[in-house]
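Asks: Quick one: this structure, given as structure tokens, is what I'll be asking you about.
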Amino acid sequence: MQKKPFFIIGCVRSGTTLLRDVLRKHPNLVSPEETHFFRWSDPFGTVGSLKSLSNTSAILKKHREMDGIPEQEFDNILKRSVSRADLQKRYMNSYLANNNLVGKRWFDKTPQNVYGSALIANDFLGSKFVHIVRDPMNVVSSLRVGKIVKIESLVGACNFWNEAASLIHTLKRAYPGRVYEVKYEDFASNFLPEIEKMLAFLGEEFNAEYFSGIVTKPKEHERDTLFSAKEIAMIKKLCGRWGKHYGYFE
């Protein structure tokens with residue numbers, strides 16, 4: 001019997017891509033780029049939801065191209081789907097078939113799908129979640145640098161982190177035993193022990209040879225050159241609740 005999928009969710013710029021790329025080295029695990037199917041709030045089938053899900057932005061089109069899903073095929077998948085879960089399953093079936101991966105266990109890495117995590121938990125009964133959390137100072141710093149996502153507002157950047165942390169806290173309380181958490185700093189410093197524990201949680205075999213050749217190292221941003229002392233104090237204040245919860249702040 002094929003094992004249930006799992007979902008990597010959390011805050012952007014927290015190491016979700018690094019984690020996905022390491023897990024992809026496991027011979028039984030495969031993942032597309034980012035789907036964003038559970039990200040937006042409009043009910044599935046409404047004009048707003050279809051507009052968001054058929055997003056033709058260069059990034060999402062590039063993701064579908066990398067996944068081996070032609071735009072016409074994606075349009076047909078979207079038109080036939082009757083729910084987000086149906087869309088996810090149809091997309092993944094095409095992804096597996098188009099890439100000769102049928103029989104592998106798939107997982108999804110879309111950090112912003114944290115906003116639809118309750119729907120995922122109910123639509124994919126028994127599925128599990130992996131949350132990688134990073135020091136909010138480095139997350140906000142990365143958002144200011146803006147290589148992938150650029151956010152100028154400190155309030156906006158801090159709430160990327162706060163909202164993800166709050167939603168995942170609720171998810172853990174609602175579904176105990178279905179959420180695994182790892183700190184980015186621990187994972188990037190010495191990922192093998194962390195990946196072994198994670199795979200045990202996911203019910204997958206661990207073999208260090210699967211991950212030979214992978215080198216990881218935590219990345220730090222020069223926050224003192226990015227923010228004033230006043231801004232640093234503001235970040236610590238805005239992210240204080242969950243920053244203390246995860247041991248990043250005193």
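Asks: Please go through region 1-17 and give me each residue that is under 15 Å from the mean Cα position of the chain (by Cα) and farther than 19 Å from Asp67 by Cβ, ordered by number. Full working, then the answer.
Replies: The first filter runs over region 1-17 and keeps only residues under 15 Å from the mean Cα position of the chain (by Cα), leaving 5-17.
Correct list: Gly10, Cys11, Val12, Arg13, Ser14, Gly15.
Asks: If you don't mind, another one. Got a sec? Which of Glu163, Glu250, Glu220, Glu152 is at pLDDT 95 or above and surrounded by fewer than 18 Cβ atoms within 10 Å (Cβ to Cβ)? Please lay out each step first, then the result.
Replies: On the way: Glu250 fails: at pLDDT 95 or above; Glu220 fails: at pLDDT 95 or above; Glu152 fails: at pLDDT 95 or above.
None of the others qualify; the one that does is Glu163.
Asks: Of the conditions (1) surrounded by fewer than 19 Cβ atoms within 10 Å (Cβ to Cβ); (2) under 26 Å from Leu238 (Cα atoms), Pro111 satisfies every one except a single condition; which number is it?
Replies: The one condition Pro111 does not meet is (1).
Asks: Here's something else I'd like to know. For region 1-60, which positions are of a type in the set (Val, Ile, Thr), without any contact (Cβ under 8 Å) to a residue 24 or more places away in the chain and either closer than 21 Å to Ser142 by Cα or part of a loop (DSSP other than H, G, I, E, B) (or both)?
Replies: First, pick out the residues of region 1-60 that are of a type in the set (Val, Ile, Thr): 8-9, 12, 16-17, 22, 30, 35, 46-47, 56, 59.
Add one more test, that the residue is without any contact (Cβ under 8 Å) to a residue 24 or more places away in the chain, and what stays is 46-47, 56, 59.
Across region 1-60, the qualifying residues are Thr46, Thr56, Ile59.
Asks: In region 223-247, which residues are of a type in the set (Ser, Thr, Tyr) and modelled with pLDDT of 95 or more?
Replies: Kept after step one, since they are of a type in the set (Ser, Thr, Tyr), are these residues of region 223-247: 225, 228, 246.
Passing the criteria: only Tyr246.
Asks: In region 63-182, which helices (runs of 4 or more DSSP H) lie fully inside it and hold 3 or more residues that are of a type in the set (D, E, K, R) and within 25 Å of Lys51 (Cβ to Cβ)? Show your work before the answer.
Replies: Values: elements: 71-80, 84-98, 117-123, 136-145, 154-174.
Fully inside region 63-182 and qualifying: 71-80, 84-98.
Asks: Checking Ser141 against (1) at pLDDT below 95; (2) at negative phi; (3) surrounded by fewer than 18 Cβ atoms within 10 Å (Cβ to Cβ), which single condition isn't satisfied?
Replies: (3)
Asks: For region 225-243, check the following and say yes or no: at least one residue is surrounded by 16 or more Cβ atoms within 10 Å (Cβ to Cβ), within 17 Å of the chain's Cα centre (by Cα) and of a type in the set (Gly, Ala, Ser).
Replies: no
Asks: Select from region 186-200 the residues that are buried (at least 16 other Cβ atoms within 10 Å of the Cβ) and touching a residue at least 24 places away in the same chain (Cβ under 8 Å) and write down the one among them that is farthest from Lys237 (Cα to Cα).
Replies: Filtering first and then ranking leaves Leu199.
Asks: Can you pull out every residue in region 45-69 that is under 15 Å from Glu33 (Cβ atoms), surrounded by fewer than 18 Cβ atoms within 10 Å (Cβ to Cβ) and touching a helix residue (DSSP H, G or I) at 6+ places or on another chain (Cβ under 8 Å)?
Replies: Of everything in region 45-69, those that are under 15 Å from Glu33 (Cβ atoms), surrounded by fewer than 18 Cβ atoms within 10 Å (Cβ to Cβ) and touching a helix residue (DSSP H, G or I) at 6+ places or on another chain (Cβ under 8 Å) turn out to be Lys61, Gly68.
Asks: Can you name the condition, by its number, that Val179 falls short on among (1) under 15 Å from Cys11 (Cβ atoms); (2) surrounded by 15 or more Cβ atoms within 10 Å (Cβ to Cβ); (3) free of Cβ contacts under 8 Å to residues at least 40 places away in the same chain?
Replies: (3)
Asks: Could you give me the residue pairs with C-beta distances under 9 Å whose first residue belongs to region 153-166 and is in contact (Cβ under 8 Å) with a residue 60 or more places away in the chain, whose second residue is surrounded by fewer than 22 Cβ atoms within 10 Å (Cβ to Cβ) and acidic (Asp, Glu) wherever it lies, and which are 6+ apart or on separate chains?
Replies: Matching pairs, first to second residue: Leu154/Glu231.
Asks: Is it true that Ile77 is under 24 Å from Asn122 (Cα atoms) and of a type outside the set (S, T, N, Q)?
Replies: Working: under 24 Å from Asn122 (Cα atoms): yes; of a type outside the set (S, T, N, Q): yes.
Against the criterion (under 24 Å from Asn122 (Cα atoms) and of a type outside the set (S, T, N, Q)), Ile77 qualifies.
Asks: Name the single residue that is surrounded by the fewest Cβ atoms within 10 Å (Cβ to Cβ) among those in region 114-138 being within 12 Å of Ser14 (Cβ to Cβ) and not hydrophobic (A, V, I, L, M, F, W, C).
Replies: Asn138
The values are calculated or read from the model by the stated rules, or taken from the named source; none is laboratory data. Computed from a predicted structure; not experimentally measured. Positions of Cβ are generated from backbone atoms using ideal geometry, with glycine treated the same way; all protein chains shown enter the neighbour counts.
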